[in-house]
1. Across region 35-78, what is the number of residues that are hydroxyl-bearing (Ser, Thr, Tyr) and either surrounded by 12 or more Cβ atoms within 10 Å (Cβ to Cβ) or at pLDDT 95 or above (or both)?
2. Could you go through region 20-31 and let me know if any residue there is surrounded by 11 or more Cβ atoms within 10 Å (Cβ to Cβ) and under 30 Å from residue 94 (Cα atoms).
Amino acid sequence: MYGSRCTACGKVSYPGHAVCPACGGEEFEAVAAEGERKVLTYTDVYALAIVEFEGGLRATGQLEDPAPQIGKRVRATIGTVRQVGDRGIEGLIFVPA
């Protein structure tokens with residue numbers, strides 16, 4: 001696996017760019033991705049659903065269902081959908097009816 005290093009400023013990027021995002025340089029050299037790796041950040045994968053309520057209203061929210069299916073009946077709840085620091089952000093969560 002290879003990334004690219006800007007020859008003007010030394011910024012290493014993967015994937016490579018036509019223009020360096022740090023300095024605007026346009027010349028690069030290949031750099032091998034070697035050695036140990038460490039996780040810098042990650043995301044938990046979750047399902048999103050577009051649900052139609054009686055009367056035609058549609059809404060998007062997280063779907064907490066181990067076996068999701070198109071046409072399956074759900075109920076809407078409000079709950080914490082993500083964390084920002086120590087503050088919970090609330091939103092729509094759909095669960096099996």
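1. Total satisfying the criteria: 2.
2. no
The values are calculated or read from the model by the stated rules, or taken from the named source; none is laboratory data. Computed from a predicted structure; not experimentally measured. Cβ sites come from the backbone with ideal geometry, for glycine too, and all protein chains shown count toward neighbours.
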